[in-house]
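The values are calculated or read from the model by the stated rules, or taken from the named source; none is laboratory data. Note that the structure is predicted; figures quoted are calculated from it, not measured. As a convention, Cβ positions derive from the backbone with ideal geometry for all residues, glycine included, and neighbour counts pool all protein chains shown.
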Amino acid sequence: MERDLERRRSKGTGYYLFDEGREQGPFTVFELQDMAEMGLIKEQSLVRLGSLDWSPAASYSFLSSAVTPSPLAQKVASAARTAAAIFGILYMLIAAIAAMYHNWLFAKEQGFLRWVFYGEIYSTIRGFLWPYDLIKWLVS
């Protein structure tokens, strides 16, 4: 087996795979298909035949179905990105409102000069930690 692999390597024919910073191969079409079905070849992996230029693995017809995510997986990934964006925007909006509230509260309780030198930083950090205040309020 090793002798056959060395003989194929010395000829320079077959498909080569570039993934995670290293080149592997040569492989046959069937070996690449098996690797793709096992999830070893990713969408961003590069493949070349012999000495041709590198191309994305999905550009080869015999790999595209195994490498390209299914439409359902693409929809799930898109929905997850949308949900994360909505959550991030909502968190930041509430943090901005909470920071303004904590800045106002600190200036009211400690005075304007103490707020200018110390309270602005403290109150803004407290604003970004609003989930802690929410949990504390719900528990009490």
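What helices (runs of 4 or more DSSP H) lie completely within region 18-113 and have 2 or more residues being under 30 Å from PHE128 (Cβ atoms), touching a Phe, Trp or Tyr at 6+ places or on another chain (Cβ under 8 Å) and not aromatic (Phe, Trp, Tyr)?
In region 18-113, 71-110 are the helices (runs of 4 or more DSSP H) which contain 2 or more residues that are under 30 Å from PHE128 (Cβ atoms), touching a Phe, Trp or Tyr at 6+ places or on another chain (Cβ under 8 Å) and not aromatic (Phe, Trp, Tyr).
Kindly indicate the residue of region 27-68 that is modelled with pLDDT of 80 or more and among the charged types (D, E, K, R) and also surrounded by the fewest Cβ atoms within 10 Å (Cβ to Cβ) among those meeting that condition.
ASP53
Of the numbered conditions (1) among the aliphatic types (A, V, I, L, M); (2) more than 24 Å from the chain's Cα centre (by Cα); (3) assigned by TED's automatic domain parsing to the domain that holds THR13, ALA57 fails exactly one; give the number of that condition.
Condition not satisfied by ALA57: (2).
For ILE89, only one of the following conditions fails: (1) modelled with pLDDT of 90 or more; (2) under 30 Å from LEU32 (Cβ atoms); (3) of a type in the set (A, V, I, L, M). What is its number?
Only one criterion is unmet by ILE89, namely (2).
From the list GLY88, GLY119, GLY111, exactly one residue is at positive phi and not assigned by TED's automatic domain parsing to the domain that holds GLN33. Which is it?
That would be GLY111, the only listed residue that is at positive phi and not assigned by TED's automatic domain parsing to the domain that holds GLN33.
Assigned to a helix (DSSP H, G or I) and surrounded by fewer than 12 Cβ atoms within 10 Å (Cβ to Cβ), is that true of VAL116?
Here the answer is yes, as VAL116 does meet what is asked.
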